[in-house]
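Here is the structure we will look at, set down as structure tokens.
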Amino acid sequence: MENDLIATVDVFLQGHPTIKYIPRSSPDFATARKVWNCSRLDQPLVIVQPQSAEDVVTLIKFVKSNGIPFSIRSGGHNLEGRALVQDALLIDLRALDSVTVADDLKSATVGGGILQDELINQLWARGVATPTGTIPHVGYFGWASYGGYGPFSSKWGLGVDQITSATVVDPNGNLVKLEGNDPLLKGIRGAGGVFGVIVDLTIKVYPAPTILAGPIVFDSSDITTTFTQVNTAYSNLLDTETLPSQLSLQRISFHSPHGLAFAFLFAWLGIDTEENLGEGQRWSQRIASLGPAKMNMVKPTTIPEWISGAGVHVPKAVYGSASTCSLSHITPEVADAIGSNLVHLPANAGAMLTIHHLRGPSAEPQKPGRDSMFGLRQPHFMLEFLGYSVEPEKQDESESWANKFAADVEKAASSSGSLLPISYISLYPSTRSSSSAEWVKKVYGDSAALLYELKASFDPENLFKHTVPSLE
Ligand SMILES: Cc1cc2nc3c(=O)[nH]c(=O)nc-3n(C[C@H](O)[C@H](O)[C@H](O)COP(=O)(O)OP(=O)(O)OC[C@H]3O[C@@H](n4cnc5c(N)ncnc54)[C@H](O)[C@@H]3O)c2cc1C
């Protein structure tokens, strides 16, 4: 059966030479198959690399008419490596990496396989910028279309909030443009590729600002005390003041070459005047004063420079798994649970805690014209428990640490009333729910019903079944 399918693909691709074909026997297969999480062992049937939207159309018509299972990959950074599906044809979109900036410099149309750093650099060359996450090698579509936490969201909004239109190859192999109030566009803003292959997105862009950015590193010799002390001071700050929209702060803890580190990643958007620069510098000093700061490395920089620096600390290939939860507050009980688990952070590159703080426009209830399926429009903290290791033999150690960490935090948050019912789709493990319906409810909350409705009208046969999310 498998050989028959491969023979069918073989014959088809001989007639379509623009589509690159990488069978299992090819010396390029291992490299083309690579995703960030190497624990994913699934072997695709073959890998195909369309070079254009028309190639994608041809491929979808072909897989549909031949009943060939398939999956989609862009940056390959799904936390579980879910782009790889055993014996399914893998459509690798990486060649679709074009960026066209509109003449008015307010939007850009970008190809479905582009990575974050490619997008950032190409926009920057045209004098514009858009929100992305901080890790350069993550796929932009996977980041933006499922939510997209990152610096600058308190000013510009989440990744989903940037999407103004999309071109999708639907289950019949038609190229469909989604714009305006089309409910499917709302679906794509949060449910990504569940309805079809997104070959391009038009997104908002903004005049490229210079920024103040860098880590503020705290003394971690007693990381439990430092974390709780900094958390109390930060909570007091949030209780007494509204943080400026230019400011973004992400807490992070991992083993650096100098030992266990706990830091705020600080970013301040826009230092075009002396006044803005001075204000940003004052805020970096205020954040450093929240605890025993050891180094304040915040400096004037550019978005491309800063993002490429941030990527250095995150390995390009890992083994393990992750978990997440979202909290309304980091209460003293939760801070204790975090602090006491950070002491045991394994010295494995890839093991890490990060805390995103969603506030400002991204955290406000939906507004007309900005509808999305993103589940949690209220101010919150999204915690990432990253149980990874670059060495496969240390995977268990990292995973055990992250699993216990997540369980302790959820318990403390639950008893102090700060645990929120929705978790971020990109980090929430598929193994945490007993059915896909339960999982979908956990990540979409009240929007889950609409998601099933949209799926039933656009892809009633569930051709796109090996997707994130899975609606089987
Ligand atoms: C190191 C690292 C750092 C991260 N940092 C952040 C962060 O700061 N903020 C944040 O919000 N998230 C972050 N994430 C999560 C990340 O945004 C998601 O895992 C994202 O989905 C990865 O996108 P990708 O294209 O690289 O993934 P892939 O594995 O290539 O794709 C995942 C799935 O998305 C769908 N898909 C992707 N592109 C398309 C398309 N063009 N058309 C149709 N379907 C498509 C497919 O179903 C595919 O299987 C991070 C992940 C990692 C590994």
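Within the straight-line cut-off of under 19 Å between alpha carbons, the aspartates and glutamates reachable from residue 155 are 241, 272, 275, 279, 364, 371, sequence neighbours fewer than 8 places apart in one chain being disregarded.
Once the 1.4 Å probe is applied to the protein heavy atoms, the chain comes out at 39 Å² accessible per residue. For the chain, the longest principal axis of the alpha carbon atoms and the long axis of helix 274-288 meet at an angle near 80°.
Projecting label points 7 angstrom from Cα along Cα→Cβ for residue 236 and residue 305 puts them 3.5 nm apart. Geometric descriptor of segment 328-472, per residue, is 137 Å³ (volume of the convex hull of the Cα atoms). Peptide packing for 56-63, 192-199 was compared via the average number of neighbouring C-beta atoms within 10 Å per residue; ordered from the highest value, the list is 192-199, 56-63.
Apply the a/c threshold of 1.5 to the C-alpha gyration tensor of segment 211-431 and tell me whether it is rounded, prolate or oblate. Taking the square roots of the gyration eigenvalues as a ≥ b ≥ c, segment 211-431 is rounded. Structure note, pairs 61/177; 177/442; 177/204; 106/455: Cα-Cα distances above 25 angstrom occur for 177/442; 106/455.
Select from 9, 76, 22 the residue farthest towards the positive end of the dipole of segment 2-92; place +1 on Cβ of Lys and Arg, -1 on Cβ of Asp and Glu, and compute about the Cα centre. Checking the options against the dipole of segment 2-92, the answer is 76.
Carbon and sulfur: what percent of segment 165-289's accessible surface (1.4 Å probe)? Reported share for carbon and sulfur atoms: 49 percent.
Dimensions of segment 295-375 along the principal axes, based on C-alpha atoms and rounded to the nearest Å, stand at 47, 38, 30, largest first. Average 1/r across all pairs of distinct alpha carbons in segment 2-92, invert it, and you get the Kirkwood radius: 13.2 Å. Using Cβ point charges alone (K and R +1, D and E -1), the dipole size of segment 211-431 about the Cα centre works out to roughly 240 debye.
The Cα atoms of segment 181-282 cover 51, 36, 32 Å along the three principal axes, with the biggest extent listed first. On a 30 Å Cα-Cα criterion, which of the cross-link pairs 20/316; 294/411; 394/465; 64/186 come out too long? Listed pairs above 30 Å: 294/411; 394/465. Per-residue extension of 0.36 nm, minus the Cα-Cα distance of residue 98 and residue 343, leaves a gain of 83.8 nm for this segment. The C-alpha atoms of the chain occupy a region whose extents along the principal axes are 65, 52, 42 Å, arranged from largest to smallest.
What the phi angles of segment 184-196 give under the Karplus curve with 6.51, -1.76 and 1.60, with θ = phi - 60°, is a coupling list of 5, 5, 4, x, 5, 6, x, 10, x, x, 6, 9, x Hz, glycine and proline written as x. Counting every C-alpha pair in segment 90-237, the share spaced more than 24 angstrom apart comes to 39%.
Calculated on C-alpha atoms, the gyration radius of segment 16-147 divided by its Kirkwood radius gives an Rg/Rh of 1.00.
Looking at segment 66-168, the trypsin sites (Lys or Arg not before Pro) that sit in a DSSP loop and have at most 13 other Cβ atoms within 10 Å of their own Cβ are 106. Computed over segment 328-413, relative contact order equals 39 percent, with contacts defined as Cα pairs under 8 Å that lie 6+ residues apart. Annotation: amide H of residue 256 within the under-5 Å range of 261, sequence separation 5 or more or interchain, hydrogens built in the peptide plane. Rolling a 1.4 Å probe over the protein heavy atoms of segment 334-472, with every protein chain left in place, gives an accessible area that is 54 percent carbon and sulfur. Here the Karplus relation 6.51 cos²θ - 1.76 cosθ + 1.60, evaluated at θ = phi - 60°, turns the backbone of segment 20-32 into coupling constants of 6, 10, 10, x, 4, 6, 6, x, 8, 4, 4, 5, 5 Hz, with x for every Gly and Pro.
The values are calculated or read from the model by the stated rules, or taken from the named source; none is laboratory data. Fair warning: this is a prediction, and the values are worked out from it, not measured in the lab. Methodologically, a virtual Cβ is constructed for each residue, glycine included, from the backbone with ideal geometry; neighbour enumeration extends over all protein chains shown. Remember, those area values only see protein heavy atoms, side chains included, never the ligands or the DNA or RNA. Shrake-Rupley method; radii C 1.70, N 1.55, O 1.52, S 1.80 Å.
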